[in-house]
Amino acid sequence: MTRHVPALVIGGGISGLVCAYALRKSGIDAQLVEASPRPGGVIQSITHDGFLLELGPQSFSSTPALHQLCAELGISTEILEAPPHAPRYVLIDGNLRPVPLSPPAFFMSSLIDGSTKWAFLRDLFGHSSPPDADESIAAFTRRKFSAQLLERLVGPFVSGVYAGDPERLSVRSAFPQLYEAEKSAGSIIRGMLRLAKSKKGRQERPTLQTLHKGNESLVRAFSENLGQSMRTNARVTKLEKNSDTSFTVQLEGDGNKDTLSANAVILSTPPDATAKLLGNLNSSFETHLSPVEFAAVAVVSLGYAKSAIGHSLDGFGFLVPRSAGLRVLGTVWNSSLFPGRAPDGQALLTSFVGGTTDPDAAKLDPENLATLIHREISSVLSIKGEPVFSNVTIWPHALPQYSLGHAGRLSAVTTLLKNYPGIWLTGNYLRGPAIGTCVEHALATAEEVAKRLTR
């Protein structure tokens with residue numbers, strides 16, 4: 001027997017949870033199905049031996065939309081904010097050097113040479129145009145500024161955000177504001193200033209935040225709100241278009257098979273799963289979505305006695321250029337940022353390894369990964385002695401790669417979707433992988449769905 005629902009959200013990551021929540025808030029009986037035993041995807045927090053670990057994203061940047069959602073869910077009082085002026089570091093020639101976080105600091109910093117600083121002045125007062133062809137982040141940085149900026153700041157930053165290779169990632173897709181700034185104003189700096197002035201209302205500087213009991217508190221709050229309208233262990237095996245405007249979805253899970261029909265289907269699944277489901281409607285979806293790659297990342301959490309660490313750990317953490325010869329991409333000093341992350345007298349450090357520049361790292365077993373990270377960060381932070389705690393989580397598909405040609409592939413998918421009104425996509429491979437960006441895109445998607453279903 002086929003059960004009908006107005007809207008069906010497939011995939012229970014943060015995008016799917018937000019979309020389902022927003023639809024139900026607007027009065028639409030939206031249902032959500034998730035293939036795994038738990039919602040939230042890579043957002044996962046656990047407590048072990050007195051340490052509070054984030055197995056995925058370590059924090060999130062504040063946004064007005066996230067702030068509003070936390071208020072609606074009743075968890076605003078749980079928000080913790082990292083010290084707003086906590087320094088970030090980059091490892092250069094074996095030493096941790098502070099990253100300049102303001103224009104005056106940038107021009108005063110010895111991290112960047114004079115020719116690179118002159119390139120910024122040239123951009124401010126000059127004029128340039130982006131090439132017609134899709135341009136990599138590396139090519140963009142070398143063209144506009146310098147190879148030194150790429151190696152010391154841009155490359156490590158790209159590793160931190162995407163775990164990606166700047167030679168392969170598209171600046172147009174991964175950092176569209178930079179591309180649009182140059183295209184519209186002939187200058188990155190003038191274009192970004194113009195964009196900032198165009199935003200209405202008071203603009204608050206984003207801060208790094210988490211929740212008292214970890215990022216997963218956000219997932220739990222959505223899950224509790226959705227209640228029985230969310231079903232886990234339910235894998236979609238087939239999506240078909242009906243003769244009218246609805247769609248039929250076949251489900252499997254817990255030894256049962258079910259069939260649902262829906263007027264709106266929102267796919268918040270990874271692009272490979274999305275391609276497979278939509279491929280039943282049109283094989284061209286697979287052509288454009290299947291090439292979207294994901295980086296494999298291992299998250300290594302190590303606990304130490306503070307007395308064993310020679311560095312003060314005053315700050316956010318550090319990133320590592322690939323030229324440094326280390327496999328660690330970067331390390332977050334969790335217990336320096338938020339209270340309750342480690343027992344008294346101890347420190348929690350979370351490091352990342354793998355990504356598209358070192359795909360074999362995520363294939364190592366957890367014990368070897370913990371040993372590798374301990375060895376590498378010990379030399380950087382003057383750590384004496386073994387860790388008192390370790391935890392390793394490997395994500396084979398951690399972060400989407402906005403590779404060259406990504407915008408064209410998504411444009412082709414958008415064109416195809418016009419032939420299938422009633423289907424929407426949302427997820428971290430569309431507008432950016434940050435939690436706040438996923439939330440904003442999911443809310444916008446829910447608004448479009450609600451308008452269609454209520455008109």
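The values are calculated or read from the model by the stated rules, or taken from the named source; none is laboratory data. Model, not experiment: these values are computed from the prediction. Here Cβ is always computed from backbone atoms with ideal geometry, including for glycine, and neighbour counts include all displayed protein chains.
Annotations
- Pair list, Cβ < 7 Å and 6+ apart or interchain, from the range 413-431 residues that are at negative phi to residues that are of a type in the set (D, E, K, R): 420/241; 424/448
- Hey, residue 337 among the hydrophobic types (A, V, I, L, M, F, W, C) and farther than 29 Å from residue 50 by Cα or not: no
- Test for residue 284: is it touching a His at 6+ places or on another chain (Cβ under 7 Å), surrounded by fewer than 20 Cβ atoms within 10 Å (Cβ to Cβ) and closer than 19 Å to residue 422 by Cβ: no
- Every test in (1) over 25 Å from residue 268 (Cα atoms); (2) in contact with a His (Cβ under 9 Å, 6 or more places away or on another chain) is passed by residue 363 save one, and that test is (2).
- Residue among 330, 279 that is touching a helix residue (DSSP H, G or I) at 6+ places or on another chain (Cβ under 6 Å), among the small types (Gly, Ala, Ser) and outside the structural domain of residue 33 (by TED's automatic domain parsing): 330
- Among (1) buried (at least 24 other Cβ atoms within 10 Å of the Cβ); (2) more than 22 Å from the chain's Cα centre (by Cα); (3) among the hydrophobic types (A, V, I, L, M, F, W, C) - the single one residue 10 does not satisfy: (2)
- The set of residues from the range 241-292 being assigned to a loop (DSSP other than H, G, I, E, B) and free of Cβ contacts under 8 Å to residues at least 12 places away in the same chain comprises 243, 244, 255, 283.
- Residue count, the range 45-85 (criterion: of a type in the set (A, V, I, L, M) and farther than 17 Å from residue 440 by Cβ): 8
Conditions tested, residue by residue: (1) within 29 Å of residue 167 (Cα to Cα); (2) touching a Leu at 6+ places or on another chain (Cβ under 7 Å); (3) touching a residue at least 40 places away in the same chain (Cβ under 8 Å).
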{"site": "356", "(1), (2), (3)": "yes, no, yes"}
{"site": "373", "(1), (2), (3)": "yes, yes, yes"}
{"site": "405", "(1), (2), (3)": "yes, no, yes"}
{"site": "411", "(1), (2), (3)": "yes, no, no"}
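- The set of residues in the range 44-59 that are of a type outside the set (Gly, Ala, Ser), surrounded by fewer than 22 Cβ atoms within 10 Å (Cβ to Cβ) and within 16 Å of the chain's Cα centre (by Cα) comprises 44, 55, 57.
- Of 287, 274, all but one fail to be among the hydroxyl-bearing types (Ser, Thr, Tyr) and closer than 25 Å to residue 41 by Cβ; the exception is 274.
- Of the candidates 315, 303, the single residue that is at pLDDT 95 or above, surrounded by fewer than 23 Cβ atoms within 10 Å (Cβ to Cβ) and not in a helix (DSSP H, G or I) is 315.
- Counting only helices (runs of 4 or more DSSP H) that fall entirely inside the range 360-455 and contain at least 1 residues that are buried (at least 19 other Cβ atoms within 10 Å of the Cβ), in the same structural domain as residue 12 (by TED's automatic domain parsing) and over 16 Å from the mean Cα position of the chain (by Cα), the qualifying elements are 406-417, 435-454.
- Residue match in the range 209-231 (condition: among the β-branched types (Val, Ile, Thr) and either within 27 Å of residue 130 (Cβ to Cβ) or assigned to a loop (DSSP other than H, G, I, E, B) (or both)): no
- Criterion applied to 211, 195 was being modelled with pLDDT under 95 and among the aliphatic types (A, V, I, L, M), and the one residue passing it is 195.
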